[in-house]
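Below: the structure, in structure tokens.
The values are calculated or read from the model by the stated rules, or taken from the named source; none is laboratory data. All of these numbers come straight from a predicted model, not from anything done at the bench. Backbone-built Cβ (ideal geometry, glycine too); neighbour counts: all protein chains shown.
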Amino acid sequence: MSVHSLRDTHDDLQSLVEEFFRATFSTDNPIITEAIKRMLAAGGKRLRPRITLLAAEACGGKAAEHLYLAAYMELIHVATLIHDDVVDNARMRRGVNATAVDYGNRVSVLAGDYLFAWIFKNVTANYPHPVPNVLSATLADICDGEVIQLQALGNLDLALETYVEIARKKTAALFAASAQCGAIMGGGREAQIAALREFGECFGIAFQMKDDLLDITEDERSLGKPAGNDLAERKTTIPLIAALACGNGRFRAQVRRFYDGQANDAIPSIVQGIEAEGGLAATRAQIARFVERAERALEPIADGTAKRELVRLTEALQT
């Protein structure tokens, strides 16, 4: 199926991406193709490819002409999730078994590695400078962010600035690259490309903060993975950072005991403590701050359907 035969409408951006994956995506390795398609079929918001397509349109391009590029952004995300689940020994992702559960850690690691290589082989063959450079730098940022986060496990003194840097690298970098590369291929001017990259970075930081908030406030059925998973993994995310900043020594001692493995059933009470100490409200305030920055970054972009949709996606992070 030619991607140009697909309808090019804003209301259909997600269905464009889904149809592309169903009809077009394949690698040279059937086991890896099966594993990736299984992950894709489990769902996902497809925000990264949607932002790629919207950025291209905001700069005068047409969405249907950039579906391959948009798909590569989602596939980079999928590869990082496969690796994350191995590192975290996760059992569930998007409501189904993590890839490592069904295929084992060795196949999963190799599948993620293969997918990265397959994406970059296609990107370097088919896209001009600086798109391959942007994506290779993005992958380096993602890996760096994950390592910094691993080094920070159990650190109750983690600074908010360090948390934001982790979020910028491991999550926001790919949103920024999605917007930047979409703008480049959409024919954007230098100022438009820079504006959309800034938008993607601020959007991505707010998105990570929202994800960390939901880990505290939502249940397993809503998340597609265990609730309170960040606490179980001894991660210090923004709701906890904000709650610890209140200076309540008893709450800090409770979290310390849990992170030291002395109170393994304490997650519900820690969640209550985070809310009581203002951690949820402070997180929402930080999300609003980065949402405002993302919307402000779009000021150089001409008003139109694409810009309004980017604003809508951004504002949805506050709901």
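Numerical summary
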read-out: Near pairs, Cβ below 7 angstrom, 6+ apart or cross-chain, from the range 75-101 (part of a loop (DSSP other than H, G, I, E, B)) to any residue that is buried (at least 21 other Cβ atoms within 10 Å of the Cβ); value: Ala90/Ala98; Arg91/Ala98; Ala98/Asp85
read-out: Matching residues, the range 17-43, being without any contact (Cβ under 8 Å) to a residue 12 or more places away in the chain and in a helix (DSSP H, G or I); value: Arg22, Pro30, Thr33, Glu34, Ala41
read-out: The range 19-74, subset closer than 25 Å to Tyr103 by Cα and in contact with a Pro (Cβ under 7 Å, 6 or more places away or on another chain), residue surrounded by the most Cβ atoms within 10 Å (Cβ to Cβ); value: Met73
read-out: Test: residue in the range 116-133 that is part of a loop (DSSP other than H, G, I, E, B) and under 21 Å from Val78 (Cβ atoms); value: yes
read-out: Unique residue being closer than 25 Å to Glu201 by Cβ, touching a Leu at 6+ places or on another chain (Cβ under 7 Å) and among the charged types (D, E, K, R) when the list is Arg50, Arg46; value: Arg50
read-out: Options Ala179, Ala191, Ala206, Ala232: the member that is touching a helix residue (DSSP H, G or I) at 6+ places or on another chain (Cβ under 8 Å), more than 27 Å from Phe251 (Cβ to Cβ) and not acidic (Asp, Glu); value: Ala179
read-out: Condition broken by Gly182, with the remaining ones in (1) in a helix (DSSP H, G or I); (2) closer than 19 Å to Arg296 by Cβ; (3) not aromatic (Phe, Trp, Tyr) satisfied; value: (2)
read-out: Matching residues, the range 142-165, being in a helix (DSSP H, G or I), within 11 Å of Ile241 (Cβ to Cβ) and in contact with a helix residue (DSSP H, G or I) (Cβ under 9 Å, 6 or more places away or on another chain); value: Leu160, Thr162, Tyr163, Val164
read-out: Residue ID - farthest from the chain's Cα centre (by Cα), chosen from residues in the range 172-196 that are surrounded by 24 or more Cβ atoms within 10 Å (Cβ to Cβ) and among the polar types (S, T, N, Q); value: Gln180
read-out: Residues satisfying the stated conditions in the range 218-236, i.e. surrounded by 16 or more Cβ atoms within 10 Å (Cβ to Cβ), at pLDDT 70 or above and of a type in the set (Gly, Ala, Ser); value: Gly228
read-out: Matching residues in the range 15-53 - criterion: being aliphatic (A, V, I, L, M) and either over 21 Å from Gly186 (Cβ atoms) or at pLDDT 80 or above (or both); value: Ala23, Ile31, Ile32, Ala35, Ile36, Met39, Leu40, Ala41, Ala42, Leu47, Ile51, Leu53
read-out: When residues of the range 102-121 are limited to those that are surrounded by fewer than 16 Cβ atoms within 10 Å (Cβ to Cβ) and either under 15 Å from Glu34 (Cβ atoms) or not acidic (Asp, Glu) (or both), the one nearest to the chain's Cα centre (by Cα); value: Ala117
read-out: Count of the range 70-91 residues which are touching a Phe, Trp or Tyr at 6+ places or on another chain (Cβ under 6 Å) and among the β-branched types (Val, Ile, Thr); value: 0
read-out: Test: residue in the range 21-35 that is aliphatic (A, V, I, L, M), more than 30 Å from Leu150 (Cβ to Cβ) and in contact with an Asp or Glu (Cβ under 7 Å, 6 or more places away or on another chain); value: no
